Amino acid sequence: MRISTKGRYGLRAMLDLAVNSNGEKVSLFSIAKRQNISVNYLEQVFSLLRKAGFVSSIKGASGGYLLAMEPSKIRVGDILRSLEGDLMVVDEDTDSGADSNDIQQCLRKNVWDKLNESLAEAADSITLRDLVENYRDMASSPMFYI
C-alpha cells in the first residue's frame with residue numbers, strides 16, 4: 001500500500017493543527033505556510049476531515065479550524081481511512097471470486113490478510129495525542145552534531 005499525498009498532507013496538517021491550536025482556531029493559511037502545502041489542496045483535505053468529524057470550521061475573516069474531539073480520541077488509522085479509504089495492501093475481494101484457486105486462497109489467508117491486519121493495527125495504535133507528545137519531545141530536545 002502506498003499512502004497518497006492526500007493522506008500524508010492530511011496527517012501533517014492534523015498534527016500541525018493539534019500542536020498549534022491550544023484551544024484556539026487555526027487558519028488553513030497558517031498551516032499551509034508552516035507545512036509548505038497549497039491552501040487550495042488543504043481546503044479539499046479539510047473538507048474530508050470535517051465530514052469525518054475530526055475538525056470543525058469557523059467561517060469568516062477570522063475563521064479557522066479546531067479539532068472536533070480530543071487528540072487522544074483521534075487515531076492515525078481513522079484519519080488515513082477518511083482520506084484514503086480502506087487501508088489494505090491487497091483488496092480482500094481480489095482473490096476470492098469464482099475464478100480463485102487454492103494458491104490464491106493460500107496467499108490471501110497467509111499473506112494479504114495478515115498484512116492488512118498488521119497495517120490496520122499499527123495505524124490504529126497511534127493517536128494524534130501520541131504524535132503531539134512525540135513532536136514536543138523532539139522539538140524540546142537539543143540536537144548535537146559531531
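Each reported figure results from applying straightforward, stated rules to the coordinates on display, with no laboratory input. Remember, predicted model here, so these are calculated numbers, not experimental data. Positions of Cβ are generated from backbone atoms using ideal geometry, with glycine treated the same way; all protein chains shown enter the neighbour counts.
May I ask which residue of Y9, N116, G60 lies farthest towards the positive end of the charge dipole of the chain, with charges of +1 (Lys, Arg) and -1 (Asp, Glu) on Cβ and the Cα centre as origin?
Going by the charge dipole, the pick is G60.
By what distance, in whole Å, do the Cα atoms of the chain stretch along each of the three principal axes, largest value first?
Computed over the Cα atoms, the extents are 59, 46, 26 Å.
Report ³J(HN,Hα) in whole Hz for each residue of the stretch 45-59, in order, from the Karplus equation J = 6.51 cos²θ - 1.76 cosθ + 1.60 where θ = phi - 60°; Gly and Pro get x.
Calculated HN-Hα couplings, in order: 5, 6, 4, 5, 5, 5, 4, 7, x, 8, 10, 10, 10, 10, 7 Hz.
Given Cα pairs under 8 Å that are at least 6 residues apart, what percent is the relative contact order of the stretch 23-94?
Details: 59 pairs, mean separation 20.8, N = 72.
Relative contact order of the stretch 23-94: 29 percent.
How big is the dipole moment of the stretch 1-78 about its Cα centre under a simple scheme where the beta carbon of each Lys and Arg is +1, that of each Asp and Glu is -1, and everything else is neutral? Debye, nearest 20, please.
Roughly 220 debye, rounded to the nearest 20.
Nearest 500 deg cm²/dmol is fine: what mean residue ellipticity at 222 nm does the chain get from its DSSP H runs of n ≥ 4 alone, each adding -39,500 (n - 2.57), divided by its residue count? Present the calculation step by step, with values, prior to reporting the outcome.
Working: 7 runs with 78 residues, N = 146.
Helix-only estimate at 222 nm: -16000 deg cm²/dmol.
For the stretch 35-79, what does the alpha-carbon gyration tensor say about shape, rounded, prolate or oblate, given a ≥ b ≥ c as the root eigenvalues, a/c under 1.5 as rounded, and a/b over b/c as prolate? Could you put the intermediate results ahead of the total?
Numbers: a/c = 2.00, a/b = 1.34, b/c = 1.49.
Cα axes put the stretch 35-79 in the oblate bin.
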